[in-house]
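The structure under discussion appears below in the form of structure tokens.
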Amino acid sequence: MSEPSAPAIRMTGITKSFNGVTVLHGVDFEVAPGEVHALAGGNGAGKSTLMKILQGVYSREGGAIELFGKPFDFEGIHQAKAAGIGMVFQEFSLVPSLTVAQNIYLDQEPLKWRLIDDAAMQTTAGEIFSRMDVNVDVTADVAGLPTAEWQLTEIAKALSQDARVLIMDEPTASLSKNEVGALFELIGRLKAQGIAIVYISHRMDEVFQIADRITILRNGSNLLTSTLADISPEEIVNGIAGKELAAPPGDRRTVPEDAPVLLEVQGLEAPGIDQVSFQIRAGEIVGLAGLMGSGRTELARALFGVTKVTAGVVRKGGEVIDLGSPAKAIDQGIALVPEDRRLQGLVLDHSVRENLTLPLLDEVRSNGLLSRAKVKTLSDRLIEAFSIAVARPDSPARLLSGGNQQKIVLAKWLGTEPDVLILDEPTAGVDIGTKAEIVGIVKRLADEGKAVLVISSEYPELIAMCDRYLVVREGRIVNSIGAEMINSEVDLELAVQGIGS
Amino acid sequence: MSVDAQERQEAQAGGGFQLPAWFDWRRDIIFIGFVVIFLIFAILLGDQGFMSSQNLLNIARQSAIIMVIAVGMTFVIANAEIDLSVGSIAGLTSVSTAMAIAAFGLVPGILAGLVTGAIVGAVNGALVAYVRIPSFLVTLAMMGVAAGFAQWITSSAPIPIIDDTFTGLFGSGNIGPIPGLVVWSLLAVAVGAVALNRTRFGRKVLATGSNRTAAEYSGINTRAIKFRVMMISAMAASLAGMLYAGRLQSGRFQWGDGDELTAIAAVILGGTALAGGRGSIVRTMFGALLMGLINNGLILAGLDSSQQQIIRGIIIVLAVALARGR
């Protein structure tokens, strides 16, 4: 290219706003060829916006981008690709029904007499993999491949387009330990070939293992850029979490020592879950703390009968219960407030009333038919109890704000009067005020003697409500920590990462 | 997925019979189904002349028009869309071709047929790809509009075609011993098979049908693909309409009535996934032949049309269920 010392990427003063809200305030970002540069920051810090500008998905409003010393103005994904920007997607972007080779060359197929030359394609795909020094069957359908090979295929696809910059977004989220090791070796080889890698991850141990430098963004601005040798994990966690988010421990609840064990799990095995055992007492709020892909959600799904339990025993109030299906779990008094309320929690086109009474249809019948009066009475009661701000309960749920939708999902499941409540990301995407309300509701439910299991990536909320934390890693519970040990988000993050005290 | 594969392995290991590795049950059942049903008919209906070369040629001729429609339909279904309007497009095309031949002659007649397909296909495609209305609804509406239009402009009456060149070219003629209809259908299969398997366009159709987001991220203009797929289906249907017109020497709104279901059945029997992403024109051809085979056999067996419909329905469900069961 030009001068040998030119950085692979130099982004200076990048600004971007959506609907008048500025999300990037003049961000600088620089990656050298052959460097692995970690990009970190909390939710909404601007990482993904910055990377989407680099990939040509969004256009920047201000600032400049240089690639290998040459100024560059992308006008879309195609140009960014042509300039050598490759992306390894977090949710994989392969076509399952095509083979590995067909995916790598999708829309770039080698032609012979204007027809696709599958043989040539397989040969060159094989060459890319041997350059990566990994072994993947290029003729296999992607649908049947293990996750790690999907990812290798994605990397090969980027390399087939002569990528000189690779963006990896949480590349290890769905990999096993061995696969992570193999990926890191591959990253090492790619570095040696002079490829610049932007590595986005929440896992500190990985960042320290693989990255040369780290840039931390906070609220759309640069917080710091440092070599990993000059920074401690605590500093990084502090930088990501920040001070303004740190929640006050608040009024600590106490669960009486003699409170009965309501839910007891012994040696549970299910997809993504390995030998999990724990107990929750009546009135206790337990936080399931772990990184994305650690097995948090898988555990919730197994307990609610969504996925099949292959081994182990679950007792409720001392009695062994059968978790064959969600219907059985509901019968046993277990309720799950799912992660994605739009997909799993609500029928958006149905009215607020219909949504609220959906799990309770048996209770709102008279003479075998649904009774409008009963639906109204029950839903009015729930709307009031959960202070759902809804002007017309007969209008579709889609018209409500995210916070109110989430309250409907909560109310809907609590109408079934469960003893055990599992909440998966209950405060995701709701406003601050509603978050506080939801925390209050959960505490009140625990005070009524329910056992609550909360999964959340939002540590302030977790800290504000939990009495105890179970740390999940690789499908196992590795630690149980009392709330008194966790005084800040940094404490919790360090516990989740398995570093520090 | 893995559990499935495991079970399959166990079933194969323990079950005594082993399928070769290249054999994909779900995809290839059409070949077994075709052979099995063929053999059953050959044994049961041998005395009724089932195996005569005349009858076998008949099956090929009777399957030919459906085959042409089904080739287009394979692109649509592999793209995870559906086209219910093909039967009506065939009827409308037969009418527009017949009227144009009567008024202006042979070449304008053929052009009128092709233009009919192009217009309907462009409307279907634009509504599906750019207005983003589900293809099921668009083509359900188009099914009624096209058939109604054909009936309206002809006042429900057939339009005779007396141009021998046209009828000889489309459907009534022979090339040596081979019926022209069969030649047309083989041509459609050959072009379709190469286009779907060996061109970038075909690859894009499969990719868009399997995972639209991934296709977009790979730089594929998935809207343009959807538009072109609906266009292909309508053009295939209008060719089928001209074949009806040539073979029956007239244009009538009822030609092609109900063909959409037979064509869809042929495509599904051929192993193309309704969810999109997989499709094979050659298997579609066998799907169409199987539909023709079943019709022919049931007629020879002396069943009336109501009984034929019942048996045909059962066979289709059985075949598809068998393909899924593994």
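The values are calculated or read from the model by the stated rules, or taken from the named source; none is laboratory data. Owing to the predicted nature of the structure, the values given are computational and were not obtained by experimental measurement. A quick note on method: Cβ atoms are made from the backbone with ideal geometry, for glycine too, and the neighbour counts reach across all protein chains shown. Areas reflect the complete protein model, heavy atoms only, side chains present, ligands, DNA and RNA absent. Shrake-Rupley method; radii C 1.70, N 1.55, O 1.52, S 1.80 Å.
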_Single match in A:Gly42, A:Gly26 (criterion: open to solvent by 10 Å² or more (accessible area, probe 1.4 Å), out of contact with any Gly (no Cβ under 6 Å at 6 or more places or on another chain) and away from chain B (no Cβ under 14 Å))_ = A:Gly42
*Considering residues of the range A:62-91 that are part of a loop (DSSP other than H, G, I, E, B) and open to solvent by 50 Å² or more (accessible area, probe 1.4 Å) only, the residue nearest to the other protein chains (Cβ to nearest Cβ)*: A:Glu91
*Selection status of B:Arg283, within 22 Å of B:Val194 (Cα to Cα), within 14 Å of another protein chain (Cβ to nearest Cβ), out of contact with any strand residue (DSSP E or B) (no Cβ under 9 Å at 6 or more places or on another chain) and among the charged types (D, E, K, R)*: no
_Given the criterion open to solvent by 70 Å² or more (accessible area, probe 1.4 Å) and more than 14 Å from chain A (Cβ to nearest Cβ), identify the matching residue among B:Leu181, B:Leu187._
B:Leu187
*Just name the residue that is most open to solvent (accessible area, probe 1.4 Å) out of those in the range A:92-137 that are within 26 Å of A:Ala8 (Cβ to Cβ), more than 11 Å from every other protein chain (Cβ to nearest Cβ) and in a helix (DSSP H, G or I).*
A:Arg131
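One line per residue, one yes/no per condition, for (1) modelled with pLDDT of 95 or more; (2) surrounded by 22 or more Cβ atoms within 10 Å (Cβ to Cβ); (3) touching a Gly at 6+ places or on another chain (Cβ under 7 Å):
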{"position": "B:Val267", "(1), (2), (3)": "no, yes, yes"}
{"position": "B:Ala273", "(1), (2), (3)": "no, no, no"}
{"position": "B:Gly279", "(1), (2), (3)": "no, yes, no"}
{"position": "B:Arg283", "(1), (2), (3)": "no, yes, yes"}
*Look at the range A:324-357 and say how many of its residues are hydrophobic (A, V, I, L, M, F, W, C) and touching a strand residue (DSSP E or B) at 6+ places or on another chain (Cβ under 6 Å).*
4
*List the pairs whose first member sits in the range A:28-43 and is on the phi < 0 side of the Ramachandran plot and in the same structural domain as A:Glu66 (by TED's automatic domain parsing), whose second member is β-branched (Val, Ile, Thr) and in a loop (DSSP other than H, G, I, E, B), and whose Cβ atoms are under 9 Å apart, counting only residues at least 6 apart or on separate chains?*
A:Pro33/A:Ile195
*For the range B:177-209, how many residues meet the condition of being more than 17 Å from B:Gly270 (Cβ to Cβ) and over 16 Å from the mean Cα position of the chain (by Cα)?*
12
*Go through (1) within 14 Å of chain A (Cβ to nearest Cβ); (2) open to solvent by 50 Å² or more (accessible area, probe 1.4 Å); (3) in a loop (DSSP other than H, G, I, E, B) and name the single condition B:Asn197 misses.*
(3)
*So which of B:Gly219, B:Gly202 ends up being part of a loop (DSSP other than H, G, I, E, B), within 30 Å of A:Ser93 (Cβ to Cβ) and within 14 Å of another protein chain (Cβ to nearest Cβ)?*
B:Gly219
*What are the residues in the range A:145-187 that are at pLDDT 80 or above, among the small types (Gly, Ala, Ser) and within 22 Å of A:Ala125 (Cβ to Cβ), if any?*
A:Ala156, A:Ala158, A:Ser160, A:Ala163, A:Ala182
*Is it fair to say B:Ala80 is touching a helix residue (DSSP H, G or I) at 6+ places or on another chain (Cβ under 7 Å) and closer than 18 Å to B:Gln254 by Cα?*
no
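Given the criteria open to solvent by less than 20 Å² (accessible area, probe 1.4 Å) and more than 30 Å from B:Arg200 (Cα to Cα), does B:Ile294 qualify? Don't jump to the end; show me each part of the working.
Values: open to solvent by less than 20 Å² (accessible area, probe 1.4 Å): yes; more than 30 Å from B:Arg200 (Cα to Cα): yes.
So B:Ile294 fits the description; yes.
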_Residues satisfying the stated conditions in the range A:344-358, i.e. assigned to a helix (DSSP H, G or I) and buried (at least 18 other Cβ atoms within 10 Å of the Cβ)_ = A:Gly345, A:Val352, A:Arg353, A:Glu354, A:Asn355, A:Leu356, A:Thr357
*Look at A:Ile210 and say whether it is among the β-branched types (Val, Ile, Thr) and under 23 Å from the mean Cα position of the chain (by Cα).*
yes
*Is there a residue being within 13 Å of another protein chain (Cβ to nearest Cβ), touching a Ser or Thr at 6+ places or on another chain (Cβ under 6 Å) and more than 26 Å from A:Gly188 (Cα to Cα) anywhere in the range A:147-164?*
no
